[in-house]
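For reference, the structure is listed below as structure tokens.
The values are calculated or read from the model by the stated rules, or taken from the named source; none is laboratory data. Predicted model only: the values in this text are computed from it and were never measured. Positions of Cβ are backbone-derived with ideal geometry, glycine not excepted, and every protein chain shown enters the neighbour counts. Heavy atoms of the whole protein, side chains included, go into the accessibility calculation; ligands, DNA and RNA do not. Shrake-Rupley method; radii C 1.70, N 1.55, O 1.52, S 1.80 Å.
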Amino acid sequence: MKKKVDFLVIGSGLAGLSFALKVAEHGKVCILTKAHIEETNTQYAQGGIAAVTDESDTYEKHISDTLVAGDGLCDEQVVRKVVQDAPAQIEELIRWGASFDKKSNGEFDLAREGGHSENRILHHKDNTGAEIQRKLSEQIRKHPNIETLEEHFAVDLITQHHLGMLVKRYNDDILCFGAYVLDLKTHDVITILAKTTLIATGGVGNLYNTTTNPSIATGDGIAMVYRSKGIIENMEFVQFHPTSLYNPGDSPSFLISEALRGFGAILKTQDGKEFMQKYDDRKSLAPRDIVARAIDNEMKIRGDEYVFLDATHRDENELKSHFPNISEKCLSIGIDISKDLIPVVPAAHYMCGGIKVNHEGQTWINHLYAAGETSSTGLHGANRLASNSLIEAIVYADRAARAAIDEIKSVSIQENIPDWNIEGTTHPEELVLITQNFKEMQQIMSNYVGIVRSDLRLTRALNRLEIIYRETETLYKKSTLTKTLCELRNMINAGYLIIKMAQDRKESRGLHYNTDFPEKTNLTILNQGSSKP
Ligand code: FAD
Ligand code: SIN
């Protein structure tokens with residue numbers, strides 16, 4: 001079966017939906033999502049969205065905070081433009097119906113998170129993402145030019161390769177004609193041809209065995225672009241959120257928003273002692289890479305499985321009205337956040353790198369755009385500043401929309417694309433072949449390519465991943481397509497890129513910490529042997 005559209009959008013989070021709403025005035029749009037429209041990382045965002053909206057704040061301060069967090073690797077021009085474009089995109093969200101909390105005087109109730117020098121986070125209680133996702137999904141459902149295909153899994157991008165031509169990486173002439181898509185209900189593979197395609201497939205959290213990300217976050221877009229010979233960068237910068245709720249068995253791990261630390265909550269070891277002063281003057285509100293490593297270090301030194309977050313000194317009513325979602329979740333497992341300490345542990349949270357894009361969100365493959373967490377714009381450098389992700393997603397979706405609207409005027413649909421040539425015919429009966437490799441991959445990534453790395457751990461990780469890669473490719477070639485097998489294959493591709501890029505970075509910087517290279521903070525990392533200045 002073939003389908004033809006002007007704009008193909010892969011992903012139904014903030015990046016995909018906001019792009020779709022903008023381009024829909026100019027042509028026919030098809031949105032694909034491998035799950036339900038609202039099952040996205042966006043839906044789970046808690047803390048909020050960063051933008052300068054208050055007179056006491058300035059663009060320069062937001063720019064400076066972003067650059068400091070990024071540890072020298074941000075593209076300053078990108079940072080400046082995103083920060084300056086942010087307020088207009090907040091207005092767009094409000095026009096689409098999203099509401100952000102206000103104080104009694106009508107001004108935004110701005111929150112503070114780690115690495116921010118001002119209160120500048122707009123939020124909707126402690127479930128900002130759900131509010132944004134709901135309001136955008138409502139707009140999408142109403143739009144006559146937008147068709148949303150739920151439970152449709154994008155398997156691969158269509159390029160000249162599918163016309164039998166040789167495609168090389170770093171070749172300027174690669175063209176994207178759309179995507180092959182697996183209908184998860186009928187198991188048919190549809191060919192969707194498009195004048196332009198946007199990848200907005202989100203993050204990679206499920207590469208690790210503890211993550212805040214829902215199960216959709218399997219790096220599919222990054223893997224598809226890599227296989228199509230596009231450019232991927234900065235994959236070594238995997239952000240671990242310092243504080244997910246320690247509640248073994250929960251998947252995804254429930255996030256305890258950084259906004260709670262912004263509200264005064266303090267990190268403590270299990271014996272009730274504060275420890276962040278040993279690592280950074282900003283204590284519990286230091287940037288995430290520093291806080292996550294500090295917690296990891298304390299847990300390793302003490303042999304503990306978690307540390308505590310203490311908010312008990314804050315007013316009970318204020319706590320519960322600002323953080324109803326966190327309060328309710330904790331209460332459901334017997335923790336009253338106004339009286340009890342909250343057990344927390346770091347968890348894989350965000351991919352700072354990804355598909356390299358230019359200022360217009362264009363990838364290195366023609367007619368192919370990327371926005372949101374799957375992309376690498378240059379905003380985050382070596383470490384993303386809290387709440388800069390949602391704003392990046394909407395700012396870049398806006399830029400990509402403008403460029404794509406312009407582009408479709410001169411592009412036509414490629415007609416002679418063959419249908420999916422399913423090589424495999426065997427249904428993988430032994431699902432254990434997939435599930436076991438999935439678990440092994442998560443173990444490899446968690447134990448060797450986590451918060452603290454070393455050359456030896458990275459070499460071991462690569463050797464072991466290669467075995468799983470070979471087994472999975474063999475299985476893929478002889479099997480009919482299934483979502484789980486495709487996801488495993490994508491995660492192995494993404495894991496490979498993380499390890500290779502981590503090996504190539506001969507330093508410790510931002511989120512990439514390698515004990516074989518000197519670091520700049522005063523953190524004493526276990527196994528390192530000596531304390532560094
Ligand atoms: P997503 O919202 O993740 O959407 C991805 C979409 O792609 C989904 O619809 C998925 O089904 C689809 N998809 C993936 N692969 C395929 C495929 N092969 N075929 C078809 N569809 C596919 N950021 C902030 O700025 N502020 C916060 O407060 C904040 N809090 C967070 C809290 C949590 C618990 C988490 C997990 C993240 C948080 N983040 C926050 C990060 C932020 O939410 C995400 O980076 C952002 O929402 C990503 O949006 P996106 O549109 O790029 O992707
Ligand atoms: C949080 O609320 O702590 C998450 C914010 C983010 O990931 O930007």
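Observations on the structure shown:
- Applying the set (1) more than 16 Å from ligand 1 (Cβ to nearest atom); (2) open to solvent by less than 50 Å² (accessible area, probe 1.4 Å) to D75 leaves exactly one unmet item: (2).
- Residues of region 346-395 classified as closer than 14 Å to I232 by Cα, open to solvent by 20 Å² or more (accessible area, probe 1.4 Å) and more than 7 Å from ligand 1 (Cβ to nearest atom), total: 4
- Scanning region 388-406 for any residue that is at pLDDT below 95 and more than 23 Å from the chain's Cα centre (by Cα) turns up nothing.
- Residue list for region 381-396, filter: near ligand 2 (Cβ under 8 Å from one of its atoms) and more than 16 Å from L73 (Cα to Cα): A386, S387, S389, L390
- Neighbours by Cβ (under 7 Å, 6+ apart or cross-chain): first from region 249-261, open to solvent by 20 Å² or more (accessible area, probe 1.4 Å); second more than 12 Å from ligand 1 (Cβ to nearest atom) and not small (G, A, S): F254/N247
- Here the condition is being outside any strand (DSSP E or B), more than 22 Å from T66 (Cα to Cα) and away from ligand 1 (no atom under 16 Å from the Cβ); of P248, P252, it holds for P248 alone.
- Any hit, region 415-422, residues being among the acidic types (D, E), in contact with a strand residue (DSSP E or B) (Cβ under 6 Å, 6 or more places away or on another chain) and open to solvent by 70 Å² or more (accessible area, probe 1.4 Å): yes
- Among (1) closer than 30 Å to L385 by Cα; (2) in contact with a helix residue (DSSP H, G or I) (Cβ under 8 Å, 6 or more places away or on another chain); (3) more than 16 Å from ligand 2 (Cβ to nearest atom) - the single one R505 does not satisfy: (2)
- The set of residues in region 469-506 being in a helix (DSSP H, G or I), β-branched (V, I, T) and surrounded by fewer than 20 Cβ atoms within 10 Å (Cβ to Cβ) consists of T474, T484.
- Taking residues in region 21-50 that are of a type in the set (K, R) and open to solvent by 30 Å² or more (accessible area, probe 1.4 Å), and partners anywhere that are more than 16 Å from ligand 2 (Cβ to nearest atom) and part of a loop (DSSP other than H, G, I, E, B), the pairs with Cβ atoms closer than 6 Å and at least 6 places apart or on different chains are K28/N145.
- Residues that are more than 23 Å from the chain's Cα centre (by Cα) and more than 14 Å from ligand 2 (Cβ to nearest atom) number at least 2 in the following helices (runs of 4 or more DSSP H) confined to region 30-125: 59-69, 76-95.
- Enumerated strands (runs of 3 or more DSSP E) restricted to region 291-410, each holding at least 1 residues that are touching a Lys or Arg at 6+ places or on another chain (Cβ under 8 Å): 307-310, 342-351
- In region 262-290, residue nearest to ligand 1 (Cβ to nearest atom) [restricted to those that are part of a helix (DSSP H, G or I), farther than 18 Å from I451 by Cβ and of a type outside the set (G, A, S)]: L285
- Where A130 falls short, out of the listed (1) part of a loop (DSSP other than H, G, I, E, B); (2) within 16 Å of ligand 2 (Cβ to nearest atom); (3) surrounded by fewer than 22 Cβ atoms within 10 Å (Cβ to Cβ): (1)
- No other residue among T159, T148, T191 is closer than 20 Å to E407 by Cβ, surrounded by 17 or more Cβ atoms within 10 Å (Cβ to Cβ), at pLDDT 95 or above and in contact with a strand residue (DSSP E or B) (Cβ under 9 Å, 6 or more places away or on another chain) apart from T159.
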